[in-house]
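Here the structure is laid out as structure tokens; the discussion comes afterwards.
The values are calculated or read from the model by the stated rules, or taken from the named source; none is laboratory data. Just so it is clear, the structure is predicted and the values come from calculations on it, not from any experiment. Virtual Cβ from ideal backbone geometry, glycine too; neighbours counted across all protein chains shown. Quick note on the areas: whole protein, heavy atoms, side chains included, nothing else; ligands and nucleic acids left out. Shrake-Rupley method; radii C 1.70, N 1.55, O 1.52, S 1.80 Å.
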Amino acid sequence: MNEYDKSWSQKLLTEINKMPISEPFRRPVDPVRDGAPDYFEKVKHPMDFETMKKKLANEEYITVQNFIDDINLICDNAILYNKADSIYGLICNDIAAEVQKFFYEKSD
């Protein structure tokens with residue numbers, strides 16, 4: 001990922017983390033703390049914004065699409081575990097809309 005794309009990705013992550021509704025997705029799920037004892041039985045590829053921040057810092061993303069794929073994974077996991085009409089599913093709709101808007105405004 002080039003410097004422009006990395007900077008853009010960092011800015012997007014910062015903007016998402018400023019959204020109060022993103023709070024449930026900011027750190028890895030803890031089955032005990034979060035009351036989800038069977039989370040890892042249902043969700044095989046967990047992801048969260050803290051992990052994404054670390055991956056970005058460690059230059060683990062090859063492209064912006066890889067980065068966005070992880071945001072989508074967060075939302076897919078939330079919907080898989082909680083259902084699309086749950087509060088978490090609805091929050092993901094808002095996060096996805098923000099990502100789409102941000103991506104639309106990105107210049108190459």
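Below, the figures for the structure above:
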quantity: Exclusive hit being at pLDDT 95 or above, in contact with a Leu (Cβ under 8 Å, 6 or more places away or on another chain), among the polar types (S, T, N, Q) and within 20 Å of residue 69 (Cβ to Cβ), set 22, 9; calculated: 9
quantity: Scope the stretch 32-85; condition part of a loop (DSSP other than H, G, I, E, B), more than 15 Å from residue 6 (Cα to Cα) and not aliphatic (A, V, I, L, M); matching residues; calculated: 33, 34, 35, 37, 38, 44, 45, 46, 48, 83, 85
quantity: Any hit, the stretch 40-49, residues being open to solvent by less than 20 Å² (accessible area, probe 1.4 Å), of a type in the set (Val, Ile, Thr) and farther than 16 Å from residue 94 by Cβ; calculated: yes
quantity: Residue count, the stretch 43-86 (criterion: within 17 Å of residue 21 (Cα to Cα) and of a type in the set (Phe, Trp, Tyr)); calculated: 1
quantity: Unique match (being touching a residue at least 60 places away in the same chain (Cβ under 8 Å) and out of contact with any helix residue (DSSP H, G or I) (no Cβ under 8 Å at 6 or more places or on another chain)) among 62, 91; calculated: 62
quantity: From the options 54, 83, residue that is farther than 13 Å from residue 13 by Cα and surrounded by fewer than 16 Cβ atoms within 10 Å (Cβ to Cβ); calculated: 83
quantity: Residues that are in contact with a helix residue (DSSP H, G or I) (Cβ under 7 Å, 6 or more places away or on another chain), within 20 Å of residue 97 (Cα to Cα) and open to solvent by 80 Å² or more (accessible area, probe 1.4 Å), drawn from the stretch 1-39; calculated: 10
quantity: Complete set of residues in the stretch 95-108 that are part of a helix (DSSP H, G or I) and loosely packed, with under 13 Cβ neighbours inside 10 Å; calculated: 97, 100, 101, 104, 105
